[in-house]
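Just so it is clear, none of the values below were taken in a lab; they were calculated from the coordinates. Being a predicted model, the structure only gives us computed values, none of them experimental. We place every Cβ from the backbone using ideal geometry, glycine too, and count neighbours over all the protein chains shown.
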Amino acid sequence: MKDGDRQKWLTAFVFSPLVLVVIFMMTAVASIFAQTATAGNIAGTVSDQSAAVVSGIPIILKNLDTGGSTSTTTAAQGAYTLSLLPPGRYSVSVNAAGFRGLVKNATVALGTGNTVNLQPVAGLKGRGSKERPIL
């Protein structure tokens, strides 16, 4: 084998895996962006009437178009996030011991995030209150 042939073979052998890695990385990044471009999210904070954050409160999200629902719980800072939601109309509700229920509506669009802060009123559980939709 000539030196020129050996060098061509070594160059192809060394760069082939590198090309495969670059192609894999580009595919993985495109996949991640595709997920976020076809979905949205709703995030917010739950606080009481004195503006103190409330942790450990269950948050229920209901898709008003399909009837499906999911839930999460607020973190130590009173924050919550519901991600990778398909576009549509949603209700976000909080109904915890010591607070009246509260429901807010939100619309999720492709690749967007909505902030839905909740401030339930302390008192006996009741029918709750509905607020105007957040668009």
**Q.** Gain in span if fully extended, ALA52 to THR38, counting 0.36 nm per residue against the direct Cα distance
**A.** 1.6 nm
Q: Quickly rank 87-96, 112-121, 47-56 as a protection proxy: mean count of other C-beta atoms within 10 Å, highest first.
A: 87-96, 112-121, 47-56
Q | Estimated FRET transfer efficiency (SER83, ALA122; beta-carbon r; R0 41 Å; 0.05) | A | 0.90
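Per the Kirkwood formula on distinct C-alpha pairs, the Rh of the stretch 40-130 is how many angstrom? Numbers along the way, then the final one.
On the way: mean 1/r = 0.0765 Å⁻¹.
13.1 Å is the Kirkwood radius here.
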